[in-house]
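A.B. asks: Okay, here's the structure, questions in a sec.
The values are calculated or read from the model by the stated rules, or taken from the named source; none is laboratory data. These figures come from a predicted structure and were not determined experimentally. Virtual Cβ from ideal backbone geometry, glycine too; neighbours counted across all protein chains shown. The protein model used for the area step is the full one, side chains on, heavy atoms only, and it has no ligands, DNA or RNA in it. Shrake-Rupley method; radii C 1.70, N 1.55, O 1.52, S 1.80 Å.
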Amino acid sequence: MTAPTAADPAARPPVLTIDSTLRDGEQAAGVYFTVREKVEIARALDAAGVTYLDAGFPVVSREEAEALRRIAAEGLRARVFATVRPDPDEVRRCRDLGAQGVFLFFPISGILRGLIRSVDLEAFQARISAAVEEALRLDLACMVVLEDAGRSGEAAEHEAVLALRGLGVRDFIVAESVGALTPWRMREKVARLRAAFPDIRVGVHSHNDFGLATANSLAAVAAGAAYFSGTVNGIGERAGNAPLEEFVVAARELLGLATDVRPEALRGLCELVEEVSGIPIAPHKPVAGFNTFRCESGLHSRALLRREGSYEPYDPALVGQERGFVLGKHTGIEHLEWLLERRGVRLAETEKRRLLERIKSFQEVHKDGELRAFVRECRRFYRSRLGLSESVLDALLAEVTGCRRP
């Protein structure tokens, strides 16, 4: 039976979240989570209501495998999955580490097929099938990720789904690996898949190379996608992924769709990932940014003081934020009067106007180079911490070989 569309949101079950912060988020250049930090993030995601955790890619390192084992042993409500290549041995390893399911990547675009696989298409499909069969034999849930679906044709998608659906796979993720789709094309793609295969469940995993990851994710669920995959703060490779926090709020407020994630948990979750990843949340970042509900403009401040919500798309408390007003060049007379009233100060009208003029000119006189220096230092610090330096490589090389670089 075909699932109801976003036009009838009350009839739809909540959109389920596949959080990929622990895997795709950590793949952001220079980002590294310790095992302890991964467990901490997993607990926070679970507490927020996330249904599926992409807990890592255990073949990457011993630490990655240990993190998966530790997260699986936490007894979380969220289902713990691991990412694997089409290799039965990797599938078995994930089961041994405690995973409840696997994300099996299947590159379906001509570009990635030519670069990733070293065998012909028929042999590669046989590998995929063998990995799927092993996962299902071990009673592991299996979601197949149609990698680079944004640059693949409809025929390639349908061919992949048809083959693996015959083995028993019912969950497929449309992975827009390089952000190559527009929202209207994403909606069409998901709608066609669901029409052709009404017995499968479709998810979406969007990258943000063109700044469209949230929009594309919303388009996918509007077309009936059951799963959303993203990362906290949108961290990830290149320009990152669809931000979990943006999607959750937009799905609720703009599409009227429920999700599994509690909005009030978002700010704390975003700040945790900000600290652990080392990637600061921009002040203007939707949902979690410091300025998201702060206002300086005289016109907007006046409206908000007269009527809460007049210049806000939703209540700040929904996401654990608070409304705030900033004093500066753009401050208006009503904001100033509000501040004076809170202090129990009464001024004549001429004094208020003089004070307002002084406030407006204060930054022009007192602004120095400190702010620009701070930004440059932050930029320098981040770039210097982007991965390991060549001096570290030289030291490790000497440790392994006993020789120093000439």
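A.B. asks: Tell me, please, whether a residue that is of a type outside the set (Lys, Arg) and surrounded by fewer than 10 Cβ atoms within 10 Å (Cβ to Cβ) can be found in the stretch 350-362.
C.D. replies: At the first step, the residues of the stretch 350-362 found to be of a type outside the set (Lys, Arg) are 350-351, 355-357, 359, 361-362.
Within this subset, residues satisfying the condition of being surrounded by fewer than 10 Cβ atoms within 10 Å (Cβ to Cβ) are 350.
Yes, some residue in the stretch 350-362 is of a type outside the set (Lys, Arg) and surrounded by fewer than 10 Cβ atoms within 10 Å (Cβ to Cβ).
A.B. asks: Tally time: how many residues in the stretch 291-324 are open to solvent by less than 80 Å² (accessible area, probe 1.4 Å) and within 19 Å of Arg353 (Cβ to Cβ)? Steps first, please.
C.D. replies: If we filter the stretch 291-324 for residues that are open to solvent by less than 80 Å² (accessible area, probe 1.4 Å), which is where we start, we get 291-293, 295-298, 300-301, 303-305, 309-310, 312, 314, 316-321, 323-324.
Those left that are additionally within 19 Å of Arg353 (Cβ to Cβ): 296-298, 301, 305.
Residues meeting the conditions: 5.
A.B. asks: Follow-up question, since we're still on this one. Inside the stretch 126-151, can you point out the residues that are under 25 Å from Arg192 (Cα atoms) and open to solvent by 50 Å² or more (accessible area, probe 1.4 Å)?
C.D. replies: The initial filter retains those residues of the stretch 126-151 that are under 25 Å from Arg192 (Cα atoms), namely 128-129, 132, 141-151.
Listed by number, the list holds a single entry, Arg151.
A.B. asks: Give the residue that is most open to solvent (accessible area, probe 1.4 Å), with candidates limited to residues of the stretch 235-254 that are acidic (Asp, Glu) and assigned to a helix (DSSP H, G or I).
C.D. replies: At the first step, the residues of the stretch 235-254 found to be acidic (Asp, Glu) are 237, 245-246, 253.
If we keep only those that are assigned to a helix (DSSP H, G or I) too, we end up with 245-246, 253.
Working: Glu245: 1, Glu246: 36, Glu253: 77 Å².
Restricting to residues being acidic (Asp, Glu) and assigned to a helix (DSSP H, G or I), the top hit is Glu253.
A.B. asks: To continue, here is another question. Mind listing just one residue for me: the one in the stretch 321-352 that is in contact with a helix residue (DSSP H, G or I) (Cβ under 8 Å, 6 or more places away or on another chain) and among the charged types (D, E, K, R) and, of those, nearest to Arg306 (Cα to Cα)?
C.D. replies: Filtering first and then ranking leaves Glu334.
A.B. asks: Only residues in the stretch 184-199 that are more than 11 Å from Phe172 (Cα to Cα) count as the first member; pair them with residues that are polar (S, T, N, Q) and modelled with pLDDT of 95 or more, Cβ under 9 angstrom, at least 6 apart or cross-chain, and list the lot.
C.D. replies: Pairs found: Arg185/Asn216; Met186/Ser206; Met186/Asn216; Met186/Ser217; Arg187/Asn216.
A.B. asks: Looking only at the stretch 363-400, which residues are more than 19 Å from Lys329 (Cα to Cα), exposed (fewer than 11 other Cβ atoms within 10 Å of the Cβ) and either touching a Leu at 6+ places or on another chain (Cβ under 7 Å) or of a type in the set (D, E, K, R) (or both)?
C.D. replies: Matches in the stretch 363-400: Glu377, Arg379, Arg380, Arg383, Glu390, Glu399.
A.B. asks: Of everything in the stretch 256-290 that's open to solvent by 50 Å² or more (accessible area, probe 1.4 Å) and in a loop (DSSP other than H, G, I, E, B), which residue is nearest to Ala44 (Cα to Cα)?
C.D. replies: The qualifying residue nearest to Ala44 (Cα to Cα) is Arg262.
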